[in-house]
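See below for the structure under consideration.
Any read-out appearing in this document is the output of simple, stated calculations on the displayed coordinates, not a laboratory observation. Owing to the predicted nature of the structure, the values given are computational and were not obtained by experimental measurement. With ideal geometry, Cβ positions are generated from the backbone for all residues, glycine too; neighbour counts draw on all protein chains shown.
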Amino acid sequence: MPIATNDMNAFSKGQPSHHHNLWRKLLRMLSLTRERELTCSEAQELMDSYVELELAGENPQTILPEVAQHLRICPECREEHDALLKILKMDEG
Ligand SMILES: [Zn+2]
């Protein structure tokens, strides 16, 4: 019998199916990264999720504070973020 945490249920309930993989990935990453700073590769692994949340009108700073924090201190990842945001925005239109 698999153990589903309350967190997991809260996250997946009411989310459009499009988001299921995203949330699963986020939860997996967050469980690895809570309470410490991200490395660049960890930040970049979360970057597409972060940007997707941004484009969806969510609050990535609240949902992924670790990434937001990393973006504040790491110009390299900030550049990566800006580039990704630009690409995905173009995709949308
Ligand atoms: Zn970085």
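Each label point was placed 7 Å from the Cα along the Cα-to-Cβ direction; for Q61 and C40 their separation is 2.5 nm.
Simple spin-label estimate for D48 and W23 gives 2.0 nm between the two label positions (7 Å along the Cα-to-Cβ direction from each Cα).
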